[in-house]
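S.K.: Handing you a structure now.
FYI, it's all coordinate maths here, none of it is from the lab. The structure displayed is predicted, hence computed values, not measured ones. Reconstructed Cβ throughout: ideal geometry from the backbone, glycine too, with neighbour counts over all protein chains shown.
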Amino acid sequence: MDMNSFSPLMPTSPLSMINQVKFEDEPDLKDLFITVDEPESHVTTIETFITYRIITKTSRGEFDSSEFEVRRRYQDFLWLKEKLEEAHPTLVIPPLPEKFIVKGMVERFNDDFIETRRKALHRFLNRVADHPTLTFNEDFKIFLTAQAWEFSSHKKQGPGLLSRMGQSVRAVALSMRGVKSRPEEFMEMNNFIEIFSQKINLIDKISQRIYKEEREYLDEMKEYGPIHILWSASEEDLADTLKSVASCIDKCCKATEKWMSGFSEALLPVVHEYVLYSEMLMAVMKRRDQIQAELDSKVEALTSKKADTDLLTEEIGKLEDKVECANNALKADWERWKQNMQNDIKSAFTNMAEENILYYEQCLATWESFLTSQTDLHLEEASEDKL
């Protein structure tokens, strides 16, 4: 199978219990389950780093066993991503979390940072596993199954840093030429990416600001309740009312904490992942342009007869096949990505809307209950005065 082509067929074993699980939106039976958990800190004389346990369960025949357990650090995930991009330059590779997501002099490996990264790494591997082509990549299989010494040996293979730097410089020059001959359908695709990038980055910033402001609001509200308790000690006639207010504030604090937890887990990661996806898509377009530019340069050389005509004709034929495969792979993956993006974002905002309604209903019910109790108390006192 060509490295950039798609194959809808996934080898499965009908006898496996794993294959009895079928996801609603997936036409094929899922036969690869990956979990990233149990982060562990490692301190050496040179560096401090975190490794994560990766458990893989599968029924695929190309795997030597049905279950594997390995430990990988963040740099290993970077290696895998680079290998996937190298093997499939015009497929949409799922993004990894940034190397550092906390700006400023903040504790690098605090619990929140580690947990946020763990979830992102878990999501990355499962995105790759669910991809119809990437899931069968040999480096992906090695990443999931090879033990430490074997994996380290495998990572050392491949071009060196200077070679990759030379290739990247040439790639930039070629990609600039490729833009000039970019087909209209890819121009439209690029325009979509640019607009999408602007919108999703703005939504990401606004979402982060909302969360920050809600955190500040919660911190202040938590101080507000105890003040009413202290106040009730010096106001005998208002003591019950003030304590009720404090109780309502406490209930609203708990509701707000629950809302913030849902916001940070259901919406923020989805939005930020697609910020990273937008950057990835721009890189994919550049790689496609580079392949196109290689073909254009050979055609130009043939036209001007600057080199051996027979050799150029052979090279052009190979490059034409490469361009066609690259374009077909990108177009197919583009539609798949757009559908996933629409489903993910729609689901995230729908869930968030439902959480918002529930949150405000809870807070409203709390204060309505308080007002009702105060009205009943006032009526009782009025009745007692008449007697």
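S.K.: With a Förster radius of 51 Å, plug the Cβ-Cβ distance of LYS338 and THR372 into 1/(1 + (r/R0)^6) and report the FRET value to the nearest 0.05.
M.R.: 0.50
S.K.: Say each of ASP37 and CYS253 gets a label point 7 Å from the Cα, pointing the same way as Cα to Cβ; how far apart are those two points in nm?
M.R.: 3.3
S.K.: Which pairs in the list LYS199/LYS286; LYS99/LYS205; LYS30/LYS99; LYS141/LYS338; LYS212/LYS254 are over 23 Å apart, alpha-carbon to alpha-carbon?
M.R.: Values: LYS199/LYS286 21 Å; LYS99/LYS205 19 Å; LYS30/LYS99 31 Å; LYS141/LYS338 26 Å; LYS212/LYS254 17 Å.
Beyond 23 Å: LYS30/LYS99; LYS141/LYS338.
S.K.: So how far apart, in nm, are the two label points at SER347 and ILE206 if each is 7 Å from Cα heading toward Cβ?
M.R.: Placing both labels 7 Å along Cα→Cβ, they lie 2.3 nm apart.
S.K.: Using 0.36 nm per residue, how much length does the chain from CYS363 to GLU214 gain when fully extended, once their Cα-Cα distance is taken away?
M.R.: Numbers: separation 149, 0.36 × 149 = 53.64 nm, distance 1.47 nm.
Result: 52.2 nm gained on full extension.
S.K.: Gain in length, ASN191 to GLU235, computed as 0.36 nm per residue apart minus the alpha-carbon separation, to one decimal in nm?
M.R.: Details: separation 44, 0.36 × 44 = 15.84 nm, distance 6.57 nm.
The ASN191-GLU235 span can extend by a further 9.3 nm.
S.K.: While we're looking at this one, here's another question. So how do 190-197, 364-371, 290-297 stack up, highest first, on mean other-Cβ count within 10 Å?
M.R.: Numbers: 190-197: 14.9, 364-371: 13.0, 290-297: 21.1.
Highest mean packing first, the order is 290-297, 190-197, 364-371.
S.K.: Give me the one-decimal nm value for the distance between modelled label points at THR135 and TYR74, 7 Å along each residue's Cα-to-Cβ direction.
M.R.: Each label point is offset 7 Å from its Cα along the Cβ direction, giving 2.9 nm.
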